[in-house]
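Just below is one structure, and these are the notes that go with it.
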Amino acid sequence: MLSSYDYFILEIRKSSYLKTGKAVELRIQPGRRIQRLAVLFLSLGLSLFVHAQEPATGFTNLPPTEMSRQGQPAAQTIVLPKSVPDPLEPLNRVMWDFNVGLMTGIIKPTSRVYRFVVVKPVRTGIGNFGRNLTYPGRLINNLLQKKWSGARDESWRFVCNTTAGVAGIFDVATKWKIPKSDADFGQTFGKWGWKPQFFLMLPIFGPSSDRDTVGLAADTAANPLLYISPYKFDWNDPLTYLGPYTYLNYAIMYNDLSDSVDKYVRFSRAEMDPYSEIEYAWTFVRANRVADFQVKGKQDAASLETLESVFFTFKDPEFPDQGKTRSALIPATDRRLKFTFWLQPGKAPVVYIIPGLGSHRLAETSLALAELVYHDGFSAVVVSSPFNSEFMEHASTAAMPAYLPVDGYDLDVALTEIDRRLNALYPGRLGEKALMGYSMGAFESLFIAATGPTNQYFITKKGSVLRFREGKQGVKEVTVNPVTKQVPLIKFSRYMAISPPIRLMYGVDKLDEFYRAPVGWPAAERTGDIENTFLKVAALSQNTLTPQTSLPFDAIESKFLIGLTFRFILRDVIYSSQQRDNQGVLHHPVLNWRRAPLYQEILQYSYQDYFDKFVIPYYETRSVVAPVAETMEKADDLRTYDGGLRANPGIRIIVNQNDFLLAGEDLAWLHATFAPGQLTVFPQGGHLGNLSNPTVQKTILEALAGLKALPPKSD
């Protein structure tokens with residue numbers, strides 16, 4: 001619901017037949033640099049590299065691993081490549097939390113001041129200077145790895161940057177197209193055959209292993225600043241063990257962190273289990289293996305275009321931090337749900353944004369949409385998906401999401417409380433309201449649009465709390481007179497649905513099918529081919545990709561990457577749901593600090609298994625009309641709400657003709673249900689793959705026309 005070259009402009013002219021009958025010209029503008037693994041795929045919730053080791057064994061009555069509903073044998077399984085063993089997971093998770101706390105509480109706030117005082121060109125120069133200083137280590141390791149051309153290139157870079165670049169402050173070597181050849185002792189040890197035995201999360205330095213920790217010590221010993229000191233070394237004086245210039249390394253490290261800490265903190269907040277993703281991704285980033293980039297099979301346009309949704313991100317790096325985060329009390333759960341918002345300086349219409357399946361309010365697509373509407377004069381409010389653990393644990397009245405009447409109503413109530421909270425904080429600042437959702441968020445938004453007239457009120461049970469002081473015994477609280485209160489649900493003037501699925505069960509069947517795509521490879525080669533796909537992603541993440549970049553994935557690979565993404569979203573949904581209401585289906589205990597064995601077991605469950613073994617048994621004990629499976633399938637089909645949707649003139653929908661979540665009958669229903677001015681259909685883009693296109697963005701903003709927005713802000 002989702003790529004090393006310099007910037008360039010790609011112009012593609014495609015005649016795009018819209019429901020309005022107009023031909024549209026699509027222009028793809030310059031790509032943005034995407035330099036790191038987490039940014040590459042995690043930015044749109046494509047959490048590719050998550051914890052996966054050997055399939056769980058020794059269980060009974062477990063579902064067949066990826067048995068196809070179309071009759072494929074259970075032996076045709078998907079076995080993911082192993083990650084580095086993590087026997088110290090509880091300790092590593094504690095260290096991960098320490099690093100997140102350090103980054104969030106110290107590095108992030110101080111770096112904002114540092115970036116204000118030290119401008120970007122100066123920070124870049126400091127980083128260049130620091131890299132130039134560590135040339136000896138790169139030279140040694142290139143030689144030890146027999147990378148003769150790498151040693152030559154690094155030597156030329158050092159000479160050029162030290163002389164013409166003024167001690168390395170200016171990176172003239174890159175301008176002269178002399179390539180980099182990064183190498184360290186951890187890589188060298190790997191070349192010599194040292195395979196990591198266990199994963200380590202180091203303080204400040206982050207993910208590592210037994211091999212790379214020793215390599216880090218050797219890299220430190222190769223730093224020339226360690227040996228430069230104005231005083232003599234004395235065994236009896238610990239203060240002489242490190243020269244004063246050694247601390248310059250830490251200053252350079254802080255300088256480099258100041259530009260990446262915001263992304264780090266946002267990642268740690270936006271992912272349901274960022275530790276597991278980092279742990280698994282690190283395995284392939286440090287694999288010391290070269291990917292085979294040959295595309296062996298046919299490519300699939302729809303899934304490749306879906307992967308290109310990674311290009312839709314916010315343009316201003318400061319925009320996420322310009323938003324404010326507050327919380328609203330949800331009466332049914334008596335817990336507070338966080339939301340993030342950007343308000344215009346005066347009264348303005350407000351766009352509430354609902355993310356895709358399992359996505360957090362700080363996901364890249366959510367932030368990009370918030371920036372898009374904010375710079376067009378709207379205020380923006382973002383809340384997490386009902387399938388995200390933040391919403392599940394704070395605003396859901398059901399232990400697990402999947403039943404649209406419950407999930408949609410909980411979302412409607414949450415939006416109402418958020419709106420009431422904002423009106424209390426900023427009276428007179430909120431104008432007309434629009435609800436915008438993408439992917440699963442669009443599905444839920446259309447449900448709210450269809451059922452709004454009938455779901456007009458919800459009940460709040462609330463008691464009055466009296467506080468009084470009694471002698472030396474301090475303050476006492478007494479709750480008296482619980483009351484029943486009716487509060488009107490929020491009303492929207494416009495509903496904007498971007499790439500909604502129509503039938504939930506059809507959509508999840510496609511996700512299961514995509515995850516099983518590698519079954520098309522020979523069984524003996526399957527796991528190796530999956531690993532090579534991961535190595536491709538790891539290699540691509542080190543480079544600069546643009547919309548013109550031809551992604552080196554065949555149909556099986558691109559479909560599998562999408563299916564894998566959503567399989568791990570499912571893993572996190574099941575984990576969170578069983579923390580709240582353990583149904584006894586899982587054999588391993590649901591622990592917070594030791595998740596690896598449980599994750600291995602959960603990964604055997606498909607989306608169909610989730611419905612059959614978790615959701616349906618859960619709702620069979622509640623007031624859902626039997627048979628529950630048929631009732632849920634009908635309730636999770638937007639065609640069930642045809643009357644309410646037809647009666648709502650404020651609905652606007654944008655879809656792509658080749659969206660794999662839409663069948664032909666779904667597209668036919670959309671055309672039959674909505675007027676030409678309500679529905680826009682682009683011929684290409686897969687699922688959300690063309691959101692970076694200016695024409696699509698213009699269509700989104702035009703769908704909000706008529707809400708009396710302020711004049712657009714100038715850049």
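The values are calculated or read from the model by the stated rules, or taken from the named source; none is laboratory data. This structure is a prediction, so every number in the text was calculated from the model and none was measured. Counting neighbours? That spans all protein chains shown, and the Cβs are built from the backbone with ideal geometry, glycine included. With ligands, DNA and RNA removed, areas are computed over all heavy atoms of the protein, side chains included. Shrake-Rupley method; radii C 1.70, N 1.55, O 1.52, S 1.80 Å.
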(request) Would you mind computing, in nm to one decimal, how far apart the modelled labels at residue 322 and residue 155 are, each placed 7 Å from Cα along Cα→Cβ? (result) 5.0 nm
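What's the Kirkwood radius of segment 651-704 in Å, using all Cα pairs? Working shown, then result.
Values: mean 1/r = 0.0871 Å⁻¹.
Answer for segment 651-704: a Kirkwood hydrodynamic radius of 11.5 Å.
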(request) Could you work out how far apart the two model spin labels at residue 198 and residue 246 are, taking each label as a point 7 Å from the Cα in the direction of the beta carbon, and quote it in nm? (result) 2.7 nm
(request) Tally the DSSP beta bridges in segment 259-404 and give the antiparallel ones as a percent, rounded to 5. (result) 70 percent
(request) Return the sequence-ordered ³J(HN,Hα) values of segment 101-118 in whole Hz as given by the Karplus equation 6.51 cos²θ - 1.76 cosθ + 1.60 applied to θ = phi - 60°, using x for Gly and Pro. (result) x, 5, 5, 6, x, 10, 5, 4, x, 6, 5, 5, 5, 4, 5, 5, 7, 9
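Any chance you could run the full-extension gain for residue 657 through residue 295? It's 0.36 nm times the residue separation minus the Cα-Cα distance, nm to one decimal.
On the way: separation 362, 0.36 × 362 = 130.32 nm, distance 2.55 nm.
Gain on stretching residue 657 to residue 295: 127.8 nm.
Per residue, how big is the convex hull around the C-alpha atoms of segment 505-583? Give it to me in cubic angstrom, could you?
Details: hull volume 11.7 nm³, N = 79.
Spelled out: Cα convex hull of segment 505-583, divided by residues, is 149 Å³.
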(message) Need one value: the accessible area of residue 433 in square angstrom, 1.4 angstrom probe, rounded to the nearest 10.
(response) 40 Å²
(request) Calculate one ³J(HN,Hα) per residue across segment 333-340 by plugging θ = phi - 60° into the Karplus curve 6.51 cos²θ - 1.76 cosθ + 1.60, and present them in order as whole Hz with x for glycine and proline. (result) 9, 6, 10, 9, 9, 7, 8, 10
(message) Suppose accessible area is computed on protein heavy atoms with a 1.4 Å probe; arrange 201, 272 from highest to lowest.
(response) 272, 201
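Using the Kirkwood formula on the Cα atoms of segment 600-669, what hydrodynamic radius do you get, in angstrom to one decimal? Could you put the intermediate results ahead of the total?
Details: mean 1/r = 0.0666 Å⁻¹.
It works out to 15.0 Å.
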(request) Determine the equivalent ellipsoid of segment 499-541 by diagonalising the alpha-carbon gyration tensor, then write out the semi-axes as square roots of 5 times the eigenvalues, largest first, rounded to whole Å. (result) 27, 16, 5
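In square nanometres and to one decimal, what's the mean projected area of the convex hull around the Cα atoms of segment 82-181? Write out the running numbers ahead of the final one.
Values: hull surface 38.4 nm².
Averaged projected hull area, Cα only: 9.6 nm².
Would you mind putting 684-696, 278-290 in packing order, based on average other-beta-carbon counts within 10 Å, highest first? Mind showing how you got there, number by number?
Details: 684-696: 23.5, 278-290: 20.3.
Sorting 684-696, 278-290 by mean packing, highest first, produces 684-696, 278-290.
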(request) Label segment 556-648 by shape, choosing from rounded, prolate and oblate, from the square roots a ≥ b ≥ c of the eigenvalues of the Cα gyration tensor; if a/c is under 1.5 it is rounded, and otherwise prolate applies when a/b is larger than b/c, oblate when it is not. (result) oblate
(message) Along the Cα→Cβ direction, 7 angstrom out, place labels at residue 695 and residue 144. What is the inter-label distance in nm?
(response) 5.4 nm
(request) Using R₀ = 45 Å, calculate the FRET efficiency as 1/(1 + (r/R₀)^6) where r is the Cβ-Cβ separation of residue 113 and residue 621; round to 0.05. (result) 0.25
(message) How large is log10 of I(q)/I(0) for segment 305-435 at q = 0.10, 0.11, 0.20 Å⁻¹ when the intensity is taken from the Debye formula with one equal scatterer per alpha-carbon?
(response) -0.31, -0.38, -1.17
(message) Just to make sure I understand: if all protein chains stay in place, what is the order of 339, 129 by accessible area at 1.4 Å, largest first?
(response) 129, 339
(message) I need the phi-derived Karplus couplings for segment 509-520: 6.51 cos²θ - 1.76 cosθ + 1.60, θ = phi - 60°, integer Hz, Gly and Pro marked x.
(response) 4, 5, 5, 5, 5, 5, 5, 7, 3, x, 4, x
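Taking R0 as 41 Å, what's the FRET efficiency between residue 213 and residue 124 from their Cβ-Cβ distance, rounded to 0.05?
Details: r = 29 Å, r/R0 = 0.72.
Approximately 0.90, to the nearest 0.05.
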(request) Provide the net charge surrounding residue 216, with neighbours chosen by a C-beta distance below 15 Å and charges set as Lys +1, Arg +1, Asp -1, Glu -1. (result) -2
(request) May I ask for the Kirkwood hydrodynamic radius of segment 146-220, worked out over all distinct Cα pairs and given in angstroms to one decimal? (result) 14.2 Å
